[in-house]
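Written below as structure tokens is the structure these notes are about.
The values are calculated or read from the model by the stated rules, or taken from the named source; none is laboratory data. Values in this document were obtained by computation on a predicted structure and should not be read as measured data. Backbone-built Cβ (ideal geometry, glycine too); neighbour counts: all protein chains shown. SASA here: full protein model, heavy atoms, side chains in, ligands and nucleic acids out. Shrake-Rupley method; radii C 1.70, N 1.55, O 1.52, S 1.80 Å.
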Amino acid sequence: MSAPVDPRLSPRLALALGIVTTSSAALFVRLAEAPPLAIAFWRCALATIVLLAVGGHACRRELPRLARRDRLLALASGLALALHFGGWTAALGFTTVASTVVLANTTPLWVALLTPFLSH
């Protein structure tokens, strides 16, 4: 068994950064003067660049070995995330920031309520 690897970034710092960026995203999206789909696209594109910079090197050997089904699932997940951000960004034009954040953060509740009906 190998020794645990020290993370490059403190888990507490990573959690704090995640909370701050997630919490402030709606405000920046609301202040942006661009179409909702453009905002959603650039949000995902910039996040992809950051994730590739942070974790791309570690995953470069694993990605080519993924099965076709796994690649398709990853692509479908990315498309679902893009639809989510596009819809959420567009919703900001029809309601308050607080309302969209509350609705978007009810996901765990919906998963808990619907899992018994949708899982086998």
Query - Positions within the stretch 17-31 being open to solvent by less than 50 Å² (accessible area, probe 1.4 Å) and either farther than 14 Å from Gly86 by Cα or in contact (Cβ under 8 Å) with a residue 60 or more places away in the chain (or both), in sequence order - result: Gly18, Ser24, Ala26, Val29
Query raised in the report: Is it the case that the stretch 87-95 has a residue that's outside any helix (DSSP H, G or I), in contact with a helix residue (DSSP H, G or I) (Cβ under 9 Å, 6 or more places away or on another chain) and of a type in the set (Val, Ile, Thr)?
Result: yes
Report task. May I ask you to verify whether Cys44 is of a type in the set (A, V, I, L, M, F, W, C), touching a residue at least 40 places away in the same chain (Cβ under 8 Å) and out of contact with any Ser or Thr (no Cβ under 8 Å at 6 or more places or on another chain)? Result -> yes
**Report entry** Matching entry among Leu79, Leu114 (being out of contact with any helix residue (DSSP H, G or I) (no Cβ under 8 Å at 6 or more places or on another chain), in a helix (DSSP H, G or I) and within 30 Å of Leu9 (Cα to Cα))
**Finding:** Leu79
**Report entry** Test: Thr100 is surrounded by 12 or more Cβ atoms within 10 Å (Cβ to Cβ), part of a helix (DSSP H, G or I) and in contact (Cβ under 8 Å) with a residue 60 or more places away in the chain
**Finding:** yes
Report task. Of the numbered conditions (1) part of a loop (DSSP other than H, G, I, E, B); (2) exposed (fewer than 12 other Cβ atoms within 10 Å of the Cβ), His57 fails exactly one; give the number of that condition. Result -> (1)
Report summary line: Residues of the stretch 54-94 being more than 17 Å from the chain's Cα centre (by Cα), modelled with pLDDT of 85 or more and closer than 22 Å to Ile39 by Cβ, in sequence order, are Phe94
Requested in this report: Could you please tell me which pairs satisfy a Cβ distance under 6 Å, a separation of 6+ or placement on different chains, a first residue in the stretch 84-95 that is touching a residue at least 60 places away in the same chain (Cβ under 8 Å), and a second residue that is open to solvent by 40 Å² or more (accessible area, probe 1.4 Å)?
Outcome: Thr89/Pro36; Leu92/Arg30
